[in-house]
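Only one structure is covered here, and it is reproduced in the block below.
The values are calculated or read from the model by the stated rules, or taken from the named source; none is laboratory data. Everything quoted here is computed from the prediction, not taken from an experiment. Cβ placement follows ideal geometry from the backbone for every residue including glycine, while neighbour counts extend to all protein chains displayed.
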Amino acid sequence: MNWKKYLNANRLRTSDRERELDPRNEFESDFGRVIFSPATRRMHDKTQVFPLTSDDNIHSRLTHSLEVMSIGHSLGLNICQNSEFIKSLGLDQRDLIREIPIILKNACLVHDIGNPPFGHFGETVIQTYFEKLFKTESFGLNEIEREDFTLFDGNAQGFRVLTKLQMLEDIYGLNLTYASLAAYIKYPNTGKIDKKFLYQKKRGVFQSEKNYLEEIADGCGLYKNTKIIRHPLAYLMEAADSICYLVMDIEDGFNKSLYTYDFIKSKLVGLQGMTEQFLKLESKYQTPLGRVVNLRIYLIKRLVDLSVSNFMKNITIICEGKYNHELIHDDEFKLADTLQDFCVNEIFPKREVQSLELTGHSVLSGLLDYYIKFTFHESKDYRKRAVGLISESVKKVAYKEYGVSNFDSLNKYYKLRVIVDFISGMTDQYALNHFQKLSGQKIN
């Protein structure tokens with residue numbers, strides 16, 4: 001358990017910022033890099049649960065990420081107030097209070113930065129598209145390369161965004177610290193999926209960023225034999241995300257009039273401690289909205305306390321890579337499990353959500369069809385026009401990675417990588433408009 005390594009402030013490229021003129025530490029500098037990033041701004045028009053909504057009260061991917069950041073910061077402050085934890089680290093609490101909570105803020109703010117348009121269903125669309133495509137054409141890719149597309153995941157795309165696609169002069173992206181990047185990586189896995197292990201449940205890093213993952217893992221001491229395990233703070237980042245989406249998705253559903261306060265109560269009242277909590281809410285608040293908002297406050301506090309307790313109780317096996325639970329789901333009272341069941345049964349199946357998700361399927365599949373067909377077209381005229389529509393910054397990253405100066409010189413893996421980078425980086429509305437233009441449905 002080497003927390004000096006876990007809090008490694010080195011970067012993939014040595015920073016040339018003028019530290020004598022900048023009072024921030026390296027992790028606070030990371031926060032500035034993230035908050036001013038175009039990829040962060042684009043999350044304002046990406047789906048959380050309700051695609052293409054015009055309702056200002058409903059969460060976008062950005063407002064969700066800001067709330068996750070707030071919870072992550074609170075979790076960091078909580079563990080930095082634990083005297084036994086601080087003593088075990090042998091580090092100065094005054095330094096830690098400006099490191100651990102800030103690293104968590106960084107990781108939480110960017111945790112969804114790689115998600116494609118139309119929410120998590122967008123990931124499914126991309127995966128399904130390539131599964132079908134590769135049945136008829138392998139493009140000369142080996143199996144592990146094909147899986148970067150058939151197992152496409154927003155976490156892996158986000159790591160690529162952070163380390164490469166937010167490019168200025170080189171292919172180090174935002175050039176964040178090892179610690180901020182490691183805390184971001186929920187699934188430090190470039191190989192086969194193994195759902196028996198939490199950190200190998202998904203393809204969390206693409207082949208194109210494998211060398212960066214290995215460098216970060218070495219710098220943060222995350223190698224256990226030949227495997228790379230999670231950074232301990234990634235568990236807290238994951239908890240912050242799960243707390244927010246479970247609790248806030250339920251509040252969004254209430255605001256969309258999908259159900260009433262009484263319906264929420266009927267689903268939760270049987271849980272430990274909830275009967276008393278509902279009595280308090282109803283004696284103190286007269287409106288359903290007031291009760292739902294204050295129920296949210298209670299649920300967040302309870303799940304934050306549970307996360308901190310489980311983190312501290314299991315810190316040794318977490319650092320050994322042997323803890324195989326999400327912090328909020330390691331709970332004998334099953335609060336998070338019940339909230340998750342509520343979302344799955346009462347929100348995600350609603351016609352409005354599913355209808356717009358299928359719109360997302362048409363848009364993303366259509367865009368992939370157009371760009372793959374025309375960038376691989378035998379006619380140079382078609383290739384030139386399609387490649388000309390792709391973002392110059394996205395293409396430039398691939399050119400630098402592969403050491404070429406034009407699209408035709410890329411190998412097929414990187415050509416497909418460019419197409420997916422471009423489409424997955426679109427906002428919902430931009431993707432819809434772009435598809436409508438390419439398909440001739442609109443001109444302007």
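Of the residues ILE443, ILE423, which single one is outside any helix (DSSP H, G or I) and of a type in the set (A, V, I, L, M, F, W, C)? Spell out the reasoning first.
Working: ILE423 fails: outside any helix (DSSP H, G or I).
None of the others qualify; the one that does is ILE443.
Going by the conditions given, is ASN433 surrounded by fewer than 18 Cβ atoms within 10 Å (Cβ to Cβ), farther than 14 Å from LYS164 by Cβ and under 27 Å from the mean Cα position of the chain (by Cα)? So that I can check it myself, show each step before the final result.
Details: surrounded by fewer than 18 Cβ atoms within 10 Å (Cβ to Cβ): yes; farther than 14 Å from LYS164 by Cβ: yes; under 27 Å from the mean Cα position of the chain (by Cα): yes.
So ASN433 fits the description; yes.
Inspect region 315-323 for any residue being surrounded by fewer than 18 Cβ atoms within 10 Å (Cβ to Cβ), in the same structural domain as GLU238 (by TED's automatic domain parsing) and free of Cβ contacts under 8 Å to residues at least 24 places away in the same chain and give the result as yes or no.
Within region 315-323, one or more residues are surrounded by fewer than 18 Cβ atoms within 10 Å (Cβ to Cβ), in the same structural domain as GLU238 (by TED's automatic domain parsing) and free of Cβ contacts under 8 Å to residues at least 24 places away in the same chain.
Given the structure, is GLY270 more than 28 Å from VAL397 (Cα to Cα), touching a Lys or Arg at 6+ places or on another chain (Cβ under 6 Å) and among the small types (Gly, Ala, Ser)?
For GLY270, the condition - more than 28 Å from VAL397 (Cα to Cα), touching a Lys or Arg at 6+ places or on another chain (Cβ under 6 Å) and among the small types (Gly, Ala, Ser) - is not met.
Go over the candidates ASP194, ASP148, ASP170 one by one and state the one that is within 25 Å of LYS400 (Cβ to Cβ), assigned to a loop (DSSP other than H, G, I, E, B) and either in contact with an Asp or Glu (Cβ under 7 Å, 6 or more places away or on another chain) or of a type outside the set (Ser, Thr, Tyr) (or both).
One residue alone meets the criteria, ASP170.
Quick check: anything in region 100-122 surrounded by fewer than 19 Cβ atoms within 10 Å (Cβ to Cβ), over 21 Å from ILE423 (Cα atoms) and not β-branched (Val, Ile, Thr)?
No, every residue in region 100-122 fails to be surrounded by fewer than 19 Cβ atoms within 10 Å (Cβ to Cβ), over 21 Å from ILE423 (Cα atoms) and not β-branched (Val, Ile, Thr).
Could you check, for region 149-168, whether at least one of its residues is among the aromatic types (Phe, Trp, Tyr) and modelled with pLDDT under 95? Please lay out each step first, then the result.
Of region 149-168, the ones among the aromatic types (Phe, Trp, Tyr) are 149, 152, 159.
In the following step, the residues that additionally are modelled with pLDDT under 95 were identified as none.
No, every residue in region 149-168 fails to be among the aromatic types (Phe, Trp, Tyr) and modelled with pLDDT under 95.
May I ask you to list the residues in region 2-31 that are over 23 Å from the mean Cα position of the chain (by Cα) and part of a helix (DSSP H, G or I)? Can you show your working first?
First, pick out the residues of region 2-31 that are over 23 Å from the mean Cα position of the chain (by Cα): 2-5, 13-25.
Within region 2-31, TRP3, LYS4, LYS5, ARG19, GLU20, LEU21 meet the criteria.
Go through region 123-145 and report how many residues are crowded, with 18+ Cβ neighbours inside 10 Å, in a helix (DSSP H, G or I) and not charged (D, E, K, R).
5
Can you say whether TYR184 is modelled with pLDDT under 95, over 21 Å from TYR413 (Cβ atoms), surrounded by 21 or more Cβ atoms within 10 Å (Cβ to Cβ) and in the same structural domain as ASN8 (by TED's automatic domain parsing), as far as the supplied structure shows?
No: the conditions fail for TYR184.
Just checking, which of ILE193, ILE171 is over 19 Å from LEU233 (Cα atoms), touching a helix residue (DSSP H, G or I) at 6+ places or on another chain (Cβ under 6 Å) and either in contact (Cβ under 8 Å) with a residue 12 or more places away in the chain or of a type outside the set (Asp, Glu) (or both)?
One residue alone meets the criteria, ILE171.
Which of the residues spanning region 158-177 are under 19 Å from GLU215 (Cβ atoms) and out of contact with any Lys or Arg (no Cβ under 7 Å at 6 or more places or on another chain)?
GLY158, PHE159, ARG160, VAL161, LEU162, THR163, LYS164, LEU165, GLN166
Would you mind stating whether ASP218 is of a type outside the set (Phe, Trp, Tyr), surrounded by fewer than 16 Cβ atoms within 10 Å (Cβ to Cβ) and either assigned to a helix (DSSP H, G or I) or not assigned by TED's automatic domain parsing to the domain that holds SER307 (or both)?
Yes, satisfied.
From (1) modelled with pLDDT of 95 or more; (2) out of contact with any Pro (no Cβ under 9 Å at 6 or more places or on another chain), pick out the condition that doesn't hold for GLN441.
(1)
Of the conditions (1) modelled with pLDDT under 95; (2) part of a helix (DSSP H, G or I); (3) surrounded by 18 or more Cβ atoms within 10 Å (Cβ to Cβ), LEU358 satisfies every one except a single condition; which number is it?
(3)
Yes or no: TYR187 in contact with a Phe, Trp or Tyr (Cβ under 9 Å, 6 or more places away or on another chain), closer than 23 Å to LEU104 by Cα, of a type in the set (Phe, Trp, Tyr) and part of a loop (DSSP other than H, G, I, E, B)?
It is true that TYR187 is in contact with a Phe, Trp or Tyr (Cβ under 9 Å, 6 or more places away or on another chain), closer than 23 Å to LEU104 by Cα, of a type in the set (Phe, Trp, Tyr) and part of a loop (DSSP other than H, G, I, E, B).
Just checking, does region 396-409 include any residue being under 22 Å from the mean Cα position of the chain (by Cα), within 30 Å of LEU356 (Cβ to Cβ) and not in a loop (DSSP other than H, G, I, E, B)?
The answer is no, given that none of the residues of region 396-409 is under 22 Å from the mean Cα position of the chain (by Cα), within 30 Å of LEU356 (Cβ to Cβ) and not in a loop (DSSP other than H, G, I, E, B).
Could you check, for region 268-275, whether at least one of its residues is within 17 Å of VAL344 (Cα to Cα), in a loop (DSSP other than H, G, I, E, B) and out of contact with any Cys (no Cβ under 6 Å at 6 or more places or on another chain)?
The answer is no, given that none of the residues of region 268-275 is within 17 Å of VAL344 (Cα to Cα), in a loop (DSSP other than H, G, I, E, B) and out of contact with any Cys (no Cβ under 6 Å at 6 or more places or on another chain).
Taking region 293-327, which residues are aromatic (Phe, Trp, Tyr) and in a helix (DSSP H, G or I)? It would help to see each step written out before you state the result.
Initial filter on region 293-327 (aromatic (Phe, Trp, Tyr)): 298, 311, 323.
TYR298, PHE311 - these are the residues of region 293-327 that are aromatic (Phe, Trp, Tyr) and in a helix (DSSP H, G or I).
Return yes or no: is ILE86 in the same structural domain as ARG160 (by TED's automatic domain parsing) and in a helix (DSSP H, G or I)?
Considered against the rule, which asks whether it is in the same structural domain as ARG160 (by TED's automatic domain parsing) and in a helix (DSSP H, G or I), ILE86 comes out as yes.
Just checking, does region 399-410 include any residue being under 19 Å from GLU123 (Cα atoms) and either at pLDDT 95 or above or surrounded by fewer than 14 Cβ atoms within 10 Å (Cβ to Cβ) (or both)?
Looking for residues that are under 19 Å from GLU123 (Cα atoms) and either at pLDDT 95 or above or surrounded by fewer than 14 Cβ atoms within 10 Å (Cβ to Cβ) (or both), one finds none in region 399-410, hence no.
Answer with yes or no whether SER83 is modelled with pLDDT under 95 and under 30 Å from PHE27 (Cα atoms).
Details: modelled with pLDDT under 95: yes; under 30 Å from PHE27 (Cα atoms): yes.
The answer is yes for SER83.
Consider THR63 carefully, then state whether it is of a type in the set (Val, Ile, Thr), at pLDDT 85 or above and exposed (fewer than 14 other Cβ atoms within 10 Å of the Cβ). If you could, list the steps in order and put the result at the bottom.
Values: of a type in the set (Val, Ile, Thr): yes; at pLDDT 85 or above: yes; exposed (fewer than 14 other Cβ atoms within 10 Å of the Cβ): no.
For THR63, the condition - of a type in the set (Val, Ile, Thr), at pLDDT 85 or above and exposed (fewer than 14 other Cβ atoms within 10 Å of the Cβ) - is not met.
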